[in-house]
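The values are calculated or read from the model by the stated rules, or taken from the named source; none is laboratory data. Just so it is clear, the model here is predicted, and its values are computed rather than measured. Cβ sites come from the backbone with ideal geometry, for glycine too, and all protein chains shown count toward neighbours.
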Amino acid sequence: MTYPDALRNHLAGALLGLTLTGLAHADGRLMPAQVPASYTQECAACHTAYPPGLLPAPSWRRLMTELDHHYGSDASLDASTLRQIDTWLQAHAGSYKRVSGEPPQDRITRSVWFERKHRRIDASVWQLPSVRGAAQCAACHVGAERGRFDDDALRQPAGLSARDRRAWSD
């Protein structure tokens, strides 16, 4: 079967874009298949264990070197665990256009793409006890712990106002 040149070029460009980003895996996950147990154990104890591709390498490096004052908490790790997690984060850090810019305070939730994707969420929603802030991705993203953030697999957090419930499906 032959395709018109425009379609072939479009498909080739899309395939190249997917290949170059290195972000999404074949099953739609953002999280690499091999995740160190220490990363899940240490990082997911307080917030979503974020896929490393959501921040560029310099941001991860700063975060790992400043764990003694990690956003108001002491998240210090022993040297071996620190080295293991840092090596893994550096190997899988985002290097594609969407995350090439280092967000303010190295916060995923302050990145341009995150703010754009969540711009319609009222500030009061982040304060709900069922949400507890933008860093708690699993409050709405059903597959967050597996690195899945599909817009089609969202759940409404408990406590939404009637207005926010109506806006949810927009």
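Assorted remarks:
- Scan of the stretch 131-163 for residues that are assigned to a loop (DSSP other than H, G, I, E, B), touching a Pro at 6+ places or on another chain (Cβ under 7 Å), at pLDDT 90 or above and surrounded by 14 or more Cβ atoms within 10 Å (Cβ to Cβ), ordered by number: V131, C140
- Each residue in the stretch 47-105 was checked for being over 19 Å from M31 (Cβ atoms) and of a type outside the set (V, I, T), and 27 pass.
- Flag if A37 is under 18 Å from G147 (Cα atoms), loosely packed, with under 14 Cβ neighbours inside 10 Å and at pLDDT below 90: no
- When we screen L89, L128 for residues that are at pLDDT 95 or above and either outside the structural domain of V142 (by TED's automatic domain parsing) or of a type in the set (K, R) (or both), the only hit is L89.
- Candidates G94, G28, G22, filtered to the one that is outside the structural domain of A139 (by TED's automatic domain parsing), modelled with pLDDT under 95, touching an Asp or Glu at 6+ places or on another chain (Cβ under 7 Å) and closer than 20 Å to W113 by Cα: G28
- Within the option set R166, R116, R83, being outside any loop (DSSP other than H, G, I, E, B), farther than 20 Å from T40 by Cβ, modelled with pLDDT of 90 or more and of a type in the set (K, R) holds for one residue only, R116.
- Residue under evaluation E102, criteria (1) among the acidic types (D, E); (2) more than 21 Å from L63 (Cα to Cα); (3) assigned to a loop (DSSP other than H, G, I, E, B); (4) touching a residue at least 24 places away in the same chain (Cβ under 8 Å), criterion not met: (2)
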